[in-house]
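Please read the structure below before turning to the comments.
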Amino acid sequence: MDAIQITGGARLVGEVQVPGAKNSVLKLMAAALLAEGTTTLRDVPHILDVTYMAELLRRLGCQVTHDAPARTVSIDVPADLGHRADYDLVRRLRASINVLGPLVARCGAADVALPGGDNIGSRGLDMHIAGLERLGATVRSEHGYLIATRGSRLVGAAVRLDFPSVGATENLLMASVLAEGTTVIDNAAREPEIVDICTMLQGMGARIDGVGSSTLEVHGVEALHPTDHTTVPDRLVAGTWAVAAAMTRGEILIRGGRTDHLEIALDKLTQAGAEIQVHGDGFRVACAERPKA
């Protein structure tokens with residue numbers, strides 16, 4: 001729980017616990033579809049998006065248990081999955097497009113409504129579609145849905161992304177882990193959330209080389225198994241608290257925060273006059289004077 005006090009002059013002091021990354025956990029929930037059985041995710045943030053994604057997975061045939069106090073989600077995936085993600089849920093949550101890759105790989109078909117959620121800049125699905133087609137899927141848009149099918153199995157291929165899209169990297173990763181042969185994803189995204197999903201997939205039995213680099217090499221396997229995975233801490237939350245401490249001349253211990261995920265941001269705070277110290281399972285930010293430009 002957060003234990004922050006606001007002192008005279010609006011200084012923030014105390015400590016906070018960083019939750020699991022929202023931008024990671026929703027994709028991990030989609031990745032659970034790749035293996036029959038019960039996958040458990042830990043350090044899950046208590047946010048409405050998790051509720052929406054849980055309902056989407058239930059409609060696909062999964063049994064989902066969300067224990068908010070324990071910060072866990074358990075997803076029991078059946079042998080026979082549904083493959084239609086309806087518009088009324090998908091429109092609320094852009095991350096729901098991430099069921100596309102797992103459903104095509106596992107079921108051979110996916111009907112996924114075009115996503116909603118936030119609308120920031122250009123975020124088309126062209127690279128998702130082109131990448132799946134390189135892997136042997138047939139994809140078409142029909143009545144507001146992306147409809148994807150494959151033959152007996154997806155086939156590994158070389159895929160180069162026009163730019164390092166996080167969503168396209170994740171969808172193609174999840175599709176290619178069950179493809180026949182080797183897939184090389186070039187110009188892949190490298191964010192900590194990509195490393196997190198790679199780590200989970202490896203825990204399920206996937207064979208992925210180059211994790212953390214811009215070139216991912218995926219050697220397809222015939223089947224994956226469920227896993228127990230702890231979500232990466234939310235770097236955006238940790239960074240927000242760090243800035244809040246500096247701007248109020250406060251001092252905050254950010255438990256669960258990882259300095260290696262915030263190197264540039266923390267370097268700039270240091271230049272502005274803040275002190276950053278690694279502390280046990282997190283880091284401390286203190287700024288006694290007014291920050292410098």
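Checked across the stretch 251-263, the condition of being crowded, with 22+ Cβ neighbours inside 10 Å and among the β-branched types (Val, Ile, Thr) holds for at least one residue.
Within the bounds of the stretch 138-151, is there any residue that is among the hydroxyl-bearing types (Ser, Thr, Tyr) and either part of a loop (DSSP other than H, G, I, E, B) or closer than 28 Å to Asp281 by Cα (or both)?
no
In the stretch 239-247 there is at least one residue matching the filter, namely being under 19 Å from Arg190 (Cα atoms) and at pLDDT 95 or above.
Residues are listed down the side, and each one gets a yes or a no for (1) β-branched (Val, Ile, Thr); (2) modelled with pLDDT of 95 or more; (3) open to solvent by less than 40 Å² (accessible area, probe 1.4 Å):
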site: Leu135; (1), (2), (3): no, yes, yes
site: Glu142; (1), (2), (3): no, no, no
site: Arg153; (1), (2), (3): no, no, no
site: Ala157; (1), (2), (3): no, yes, yes
site: Arg160; (1), (2), (3): no, yes, no
site: Gly167; (1), (2), (3): no, no, yes
site: Leu172; (1), (2), (3): no, yes, yes
site: Leu178; (1), (2), (3): no, yes, yes
site: Val184; (1), (2), (3): yes, yes, no
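Filter the stretch 277-286 down to the residues that are in contact with a strand residue (DSSP E or B) (Cβ under 7 Å, 6 or more places away or on another chain) and touching a residue at least 24 places away in the same chain (Cβ under 8 Å), then identify the one that is nearest to Gly250 (Cα to Cα).
Filtering the stretch 277-286 for residues that are in contact with a strand residue (DSSP E or B) (Cβ under 7 Å, 6 or more places away or on another chain) and touching a residue at least 24 places away in the same chain (Cβ under 8 Å), the one nearest to Gly250 (Cα to Cα) comes out as Ala286.
With the condition kept exactly as written, say whether any residue in the stretch 265-275 is closer than 26 Å to Ile194 by Cβ and surrounded by 20 or more Cβ atoms within 10 Å (Cβ to Cβ). Within the stretch 265-275 (the criterion being closer than 26 Å to Ile194 by Cβ and surrounded by 20 or more Cβ atoms within 10 Å (Cβ to Cβ)), the answer is yes, since at least one residue qualifies. Remark: pairs (first residue in the stretch 194-206, assigned to a helix (DSSP H, G or I); second residue open to solvent by less than 10 Å² (accessible area, probe 1.4 Å) and among the polar types (S, T, N, Q); Cβ separation under 8 Å; 6+ apart in sequence or on different chains) = Ile194/Thr169; Asp196/Ser24; Asp196/Thr231; Ile197/Ser24.
The values are calculated or read from the model by the stated rules, or taken from the named source; none is laboratory data. Everything quoted here is computed from the prediction, not taken from an experiment. Because the Cβ atoms are built from the backbone with ideal geometry, glycine has one as well, and the counts that use them run over all protein chains shown. These accessible areas exclude ligands, DNA and RNA; they are computed on the full protein's heavy atoms, side chains included. Shrake-Rupley method; radii C 1.70, N 1.55, O 1.52, S 1.80 Å.
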